[in-house]
Amino acid sequence: MSAKEMNIKGCFVWSPKVIQDDRGYFVETFNKKIFEKQTGIKTDFVQDNESRSSKGVLRGLHYQSGAHAQAKLVRVIKGSALDVCVDLRIGSDTFGNHFSIILDAVKKQQLYVPKGFAHGFLALEDDTIFSYKCSTYYNKASERGIIFNDETLNIDWNLHNGELILSKKDKELPTFKSLLG
């Protein structure tokens, strides 16, 4: 396993060692001791979530605020997804910047998204299964989001808006500028 910090401080791409033979494969998807040694981040994940999405489904950009802010370790179990995180940490050198990566079931890379980030993903294949570990429990009252097509963030989702499938809630999320008050 190896962790590489990305251009936004605190975001790491985690590449596990995949052992394959004619029977299939084996991969250790998380090892707390190795993760902490390679990233310097101490975390206890308390909740695992999984979703299945059709091609074109966009989920996000979501985050939890205050004491319920979540760090996440995300991965794709089946299919592929464009994964995006946005730095919302006031005072950060990369505040308002975003990072994106294609996660898939072949490479089995994972993305560590620190607390203070909005997160979303776009399923690039039918039956994409997305899994993520969270550092705090979900709290509905702390749930927040930013509209996926925010002009300030200018995220390239690699599909035209007409090809995207969003929930009603995600279509009505506020803009990034509205967060700045």
inquiry  = Tell me yes or no: at least one residue of the range 103-126 is surrounded by fewer than 21 Cβ atoms within 10 Å (Cβ to Cβ), part of a strand (DSSP E or B), of a type in the set (A, V, I, L, M) and over 12 Å from the mean Cα position of the chain (by Cα).
reply    = no
query = Which of the residues belonging to the range 153-181 are surrounded by 13 or more Cβ atoms within 10 Å (Cβ to Cβ) and in a loop (DSSP other than H, G, I, E, B)?
reply = Leu153, Ile155, Trp157, Leu159, Leu164, Leu166, Leu173, Thr175
message = When the residues of the range 50-91 are narrowed to those that are charged (D, E, K, R) and surrounded by fewer than 16 Cβ atoms within 10 Å (Cβ to Cβ), which ends up farthest from Ile146 (Cα to Cα)?
response = Lys78
message = Between Ile129, Ile77, which is at negative phi, assigned to a strand (DSSP E or B), in contact with a Lys or Arg (Cβ under 6 Å, 6 or more places away or on another chain) and at pLDDT 95 or above?
response = Ile129
Answer residue from the range 1-40, given it is within 18 Å of the chain's Cα centre (by Cα) and among the aromatic types (Phe, Trp, Tyr) and is farthest from Val86 (Cα to Cα) among those = Phe30
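The values are calculated or read from the model by the stated rules, or taken from the named source; none is laboratory data. As the structure is a computational prediction, the values presented were derived from the model and not from experiment. Heads up, the Cβs are rebuilt from the backbone with ideal geometry, glycines too, and the neighbour counts pull from every protein chain shown.
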